[in-house]
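To start, the structure itself, in structure tokens.
The values are calculated or read from the model by the stated rules, or taken from the named source; none is laboratory data. The shown structure was predicted, so the numbers you read here are calculated from the model rather than taken from an experiment. Don't worry about glycine lacking a Cβ; one is built from the backbone with ideal geometry, like all the others, and counts go over all protein chains shown.
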Amino acid sequence: MVALALGLAASLQPAAAMPLFNIPSTSMMPTLQAGEVILAVPLTAPPQRGDIVVYTMDDQSWLGRVIAFAGESVELRHGQIFIDGTALPQTPLADAIEDGCPDFLQPDATCTFLRETMPDGRSYAIIDSLPDSMVDTMPAQRVPKGSVFIMADNRDNAVDSRLPQHGAVAVSAILGMVQNVVVSAHLGTGADRLAGFPEAR
């Protein structure tokens, strides 16, 4: 197992006013980039599996993707997610995603893109940079009542529900769902990325 030093990689800084947030890290790459400003619209209905949400924890704002709901069992085996014992399929992408690779601190890290698919068919790209890292395996745990299990897309460089000190996120702590990239060095690509890179194969 590869040891991995984790910082507050998923935390956010509020932008000029709610509900705008500035992303300070690479934890949601390839979907969202450090330095981008996103719009997170307050929920009008319960979050859906696969939604990217902004939430509060420990007096900070955080960013991540909804993976599982209250009552469901979540397990990780070698980086693959199992919900109630059923694996979420992961398919390697043949082509690299342009500007999708972060700068890695670990000398043995690689930028491997995978397409992860939810039970309803919704899919998105994730990064696997360190095989069998410390966050790639997690015993099955049940999501508590009133909570959701959240993970970042840059799987080996993020703080999220996989870590005991972070844990599941109360639905009441969700500030909003990410709906738009407002400021970016990659103008015109926000909708495609938020849709999970539909053209990437």
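Brief remarks follow.
Here is a yes/no grid of residues against (1) within 17 Å of residue 49 (Cα to Cα); (2) modelled with pLDDT under 95; (3) in a loop (DSSP other than H, G, I, E, B):
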| residue | (1), (2), (3) |
| --- | --- |
| 131 | no, yes, yes |
| 156 | no, yes, yes |
| 166 | no, no, yes |
| 177 | yes, no, no |
| 180 | no, yes, no |
| 188 | no, yes, yes |
| 196 | yes, yes, yes |
| 200 | no, yes, yes |
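- Contact map, segment 40-53: first residue at pLDDT below 95, second residue surrounded by fewer than 13 Cβ atoms within 10 Å (Cβ to Cβ), Cβ cut-off under 6 Å, separation 6 or more or different chains; the map is empty.
- Top-ranked residue in segment 96-109 [being surrounded by fewer than 16 Cβ atoms within 10 Å (Cβ to Cβ) and in contact with a strand residue (DSSP E or B) (Cβ under 8 Å, 6 or more places away or on another chain); ranked as nearest to residue 52 (Cα to Cα)]: 96
- All conditions in (1) touching a helix residue (DSSP H, G or I) at 6+ places or on another chain (Cβ under 8 Å); (2) exposed (fewer than 15 other Cβ atoms within 10 Å of the Cβ) hold for residue 148, with the sole exception of (2).
- Hits in segment 104-123 (condition: in a strand (DSSP E or B) and in contact (Cβ under 8 Å) with a residue 40 or more places away in the chain): 113, 115, 123
- The single condition among (1) more than 14 Å from residue 196 (Cα to Cα); (2) in contact (Cβ under 8 Å) with a residue 24 or more places away in the chain; (3) of a type outside the set (Asp, Glu) that residue 90 does not meet is (1).
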